[in-house]
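Data block below; observations after.
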Amino acid sequence: MPAEVVDALPEALARARDDLAPGDPAEVLAAVTTLASRRGFPLPDDIALELDIEVMASWPRDLWRKAFRAVWEQFSYRRLPEPADFRRHIAADLEERRARLDRLESLRLKLETVRLKRQWDEEARIRRAGAGWQGQ
């Protein structure tokens, strides 16, 4: 594997993790309550609202905003949108980001396995050389 790829991997992993960093629950709550107020929808009970906000705040902020904008523009049902109504606008983006992180993590693990195998082979070679030296 080219050294450039190995050297770039930690930064690529950090970027992929950042791209999946969760959003801000306060921002999500403010947006949902604004939408409910604007459309005249009642908010769900405390536990349901808390779970909805928790789910949607777990999405990256930029994707949450993309989903919110799409719902704001397109949602026409006579009820408050649920997390699934938002998620459908960003499902492919979320999957793509998660798959990218998974591929990078897989590469990191493969490289670590190769490094450990080389280390163990070298340790075994040294042990064999030491044992041969003492046996003469």
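The values are calculated or read from the model by the stated rules, or taken from the named source; none is laboratory data. Computed from a predicted structure; not experimentally measured. Glycine gets a Cβ as well: all are built from the backbone with ideal geometry, and neighbour counts include every protein chain shown. Just so you know, the surface numbers come from the protein's heavy atoms only, side chains and all, with ligands and any DNA or RNA stripped out. Shrake-Rupley method; radii C 1.70, N 1.55, O 1.52, S 1.80 Å.
Limited to segment 1-17, what total is found for residues that are hydrophobic (A, V, I, L, M, F, W, C) and outside any helix (DSSP H, G or I)?
1
May I ask you to verify whether Leu101 is in contact (Cβ under 8 Å) with a residue 24 or more places away in the chain, under 30 Å from Pro2 (Cα atoms) and either among the hydroxyl-bearing types (Ser, Thr, Tyr) or open to solvent by less than 60 Å² (accessible area, probe 1.4 Å) (or both)?
When the stated conditions are applied, Leu101 passes them.
Quick one: in segment 104-124, of everything that is among the basic types (Lys, Arg) and without any contact (Cβ under 8 Å) to a residue 60 or more places away in the chain, which residue is nearest to Ala21 (Cα to Cα)?
Lys110
Report whether or not Leu111 is open to solvent by less than 100 Å² (accessible area, probe 1.4 Å), at pLDDT 95 or above and hydrophobic (A, V, I, L, M, F, W, C).
On the way: open to solvent by less than 100 Å² (accessible area, probe 1.4 Å): yes; at pLDDT 95 or above: no; hydrophobic (A, V, I, L, M, F, W, C): yes.
In short, no.
Being in contact with a Lys or Arg (Cβ under 7 Å, 6 or more places away or on another chain) and either in a helix (DSSP H, G or I) or not β-branched (Val, Ile, Thr) (or both), is that true of even one residue in segment 80-89?
Checked segment 80-89: at least one residue is in contact with a Lys or Arg (Cβ under 7 Å, 6 or more places away or on another chain) and either in a helix (DSSP H, G or I) or not β-branched (Val, Ile, Thr) (or both).
Kindly indicate the residue of segment 1-17 that is over 28 Å from Asp62 (Cβ atoms) and not hydrophobic (A, V, I, L, M, F, W, C) and also farthest from the chain's Cα centre (by Cα) among those meeting that condition.
Looking at the filtered set, the residue picked out is Pro2.
Consider only pairs whose beta carbons are under 6 Å apart and that are at least six residues apart or on different chains; among these, list those whose first residue lies in segment 78-91 and is without any contact (Cβ under 8 Å) to a residue 60 or more places away in the chain and whose second residue is open to solvent by 90 Å² or more (accessible area, probe 1.4 Å) and in a helix (DSSP H, G or I).
Sorted first by the residue in segment 78-91, then by its partner, the pairs are Ile90/Lys66.
Looking only at segment 18-56, which residues are under 17 Å from Val71 (Cβ atoms), in a helix (DSSP H, G or I), open to solvent by 30 Å² or more (accessible area, probe 1.4 Å) and out of contact with any helix residue (DSSP H, G or I) (no Cβ under 7 Å at 6 or more places or on another chain)?
Correct list: Glu27, Ala30, Thr33, Thr34, Ser37, Arg38, Arg39.
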